[in-house]
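K.L.:
This is the structure I want to talk about, given as structure tokens.
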Amino acid sequence: IGEGKIVRRAQAGVNTTITWQGGVDFTLTPMSEDSDDSGGVLKRVVCKGNIEMKTDESSLTCDVLDIQFAPDTNGSSSPQLAIATGNVKATSDTQILWADIAQVTFLEDTTGANSSNEFGGNFQADKMTATGDVQVMLSDGGRAFCNTLRGDIQQSIAELEGNVLIAYKRMLMDRGDEALFKINRVIVRLRPGRW
């Protein structure tokens, strides 16, 4: 009940801090009778009220953050799905995204770069979907508006769908049903879809 904070300091990978003002719910799986553990495995964490999540690379604010976990190969909990709802704002070095709902799925890091025995140490963000009054502001000043954004985080590609509008300060690019963004850390390229 009330405000709180979770801090994950990674030996390898990304440091993460989550703060909230309105409470947090933890759900654990039931313990098996033949287990030596004193508790179950973490299944779900729901943070409520003025959420702020910060990593070394990005930040997220929202009203509710629901993180669902799955047992990994080491038997500990690793994130499987994160759902941010209400006044979602996600900021990185290349863009800012606003939406009503944003979902991120995670997959196991098979490169070994983040492999460790620590909490969530061998998983990385994979796909993202944002819905409801989605807006993206790019580092070069461009803005894109749409109803749904589907992103492939590993490939740095985002598909925009539904009432797509792309604009720059002195120029309206166009309006249409879909567009495809290709983002890298230096240059942002835009390839219009069906206009």
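The values are calculated or read from the model by the stated rules, or taken from the named source; none is laboratory data. This is a predicted model, so every value here is computed, not measured. As a convention, Cβ positions derive from the backbone with ideal geometry for all residues, glycine included, and neighbour counts pool all protein chains shown. To get the accessible areas, we keep the full protein, side chains included, count just its heavy atoms, and leave off ligands, DNA and RNA. Shrake-Rupley method; radii C 1.70, N 1.55, O 1.52, S 1.80 Å.
K.L.:
For the stretch 3-14, give me each residue that is at pLDDT below 85 and not aliphatic (A, V, I, L, M).
P.N.:
8, 9, 11, 13
Residue-by-condition table, conditions (1) closer than 30 Å to residue 75 by Cβ; (2) at pLDDT 90 or above; (3) open to solvent by 40 Å² or more (accessible area, probe 1.4 Å); (4) outside any strand (DSSP E or B):
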site: 107; (1), (2), (3), (4): yes, no, yes, no
site: 112; (1), (2), (3), (4): yes, no, no, yes
site: 119; (1), (2), (3), (4): yes, no, yes, yes
site: 125; (1), (2), (3), (4): yes, no, no, no
site: 129; (1), (2), (3), (4): yes, yes, yes, no
site: 133; (1), (2), (3), (4): no, yes, yes, no
site: 140; (1), (2), (3), (4): no, no, yes, yes
site: 149; (1), (2), (3), (4): no, yes, no, no
site: 154; (1), (2), (3), (4): yes, no, yes, yes
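K.L.:
Give the residue that is modelled with the lowest pLDDT, with candidates limited to residues of the stretch 65-82 that are open to solvent by 50 Å² or more (accessible area, probe 1.4 Å) and part of a strand (DSSP E or B).
P.N.:
So the residue we want is 71.
K.L.:
Picking from 20, 98, which residue would you name as being touching a Lys or Arg at 6+ places or on another chain (Cβ under 9 Å), at pLDDT 95 or above, aromatic (Phe, Trp, Tyr) and more than 30 Å from residue 159 (Cα to Cα)?
P.N.:
20
K.L.:
Separate question: Give the residues of the stretch 1-20 that are of a type in the set (D, E, K, R), in a strand (DSSP E or B) and open to solvent by 50 Å² or more (accessible area, probe 1.4 Å), sorted by residue number.
P.N.:
The one that is of a type in the set (D, E, K, R), in a strand (DSSP E or B) and open to solvent by 50 Å² or more (accessible area, probe 1.4 Å): 5.
K.L.:
Moving to a separate point now. Does the stretch 158-171 include one or more residues that are open to solvent by 70 Å² or more (accessible area, probe 1.4 Å), modelled with pLDDT under 60, assigned to a strand (DSSP E or B) and farther than 30 Å from residue 10 by Cβ?
P.N.:
No, that holds for no residue.
K.L.:
OK, next. Going by what's in this entry, would residue 86 be described as touching a strand residue (DSSP E or B) at 6+ places or on another chain (Cβ under 9 Å), over 19 Å from residue 17 (Cα atoms) and either at pLDDT below 95 or open to solvent by 40 Å² or more (accessible area, probe 1.4 Å) (or both)?
P.N.:
Spelling it out, it is not the case that residue 86 is touching a strand residue (DSSP E or B) at 6+ places or on another chain (Cβ under 9 Å), over 19 Å from residue 17 (Cα atoms) and either at pLDDT below 95 or open to solvent by 40 Å² or more (accessible area, probe 1.4 Å) (or both).
K.L.:
Filter the stretch 48-61 for residues that are at negative phi and touching a strand residue (DSSP E or B) at 6+ places or on another chain (Cβ under 9 Å) and give the result.
P.N.:
Passing the criteria: 48, 51, 52, 53, 54, 55, 56, 58, 59, 60, 61.
K.L.:
Among the listed residues 81, 107, identify the single one that is hydrophobic (A, V, I, L, M, F, W, C) and within 11 Å of the chain's Cα centre (by Cα).
P.N.:
Only one candidate passes the filter, namely 81.
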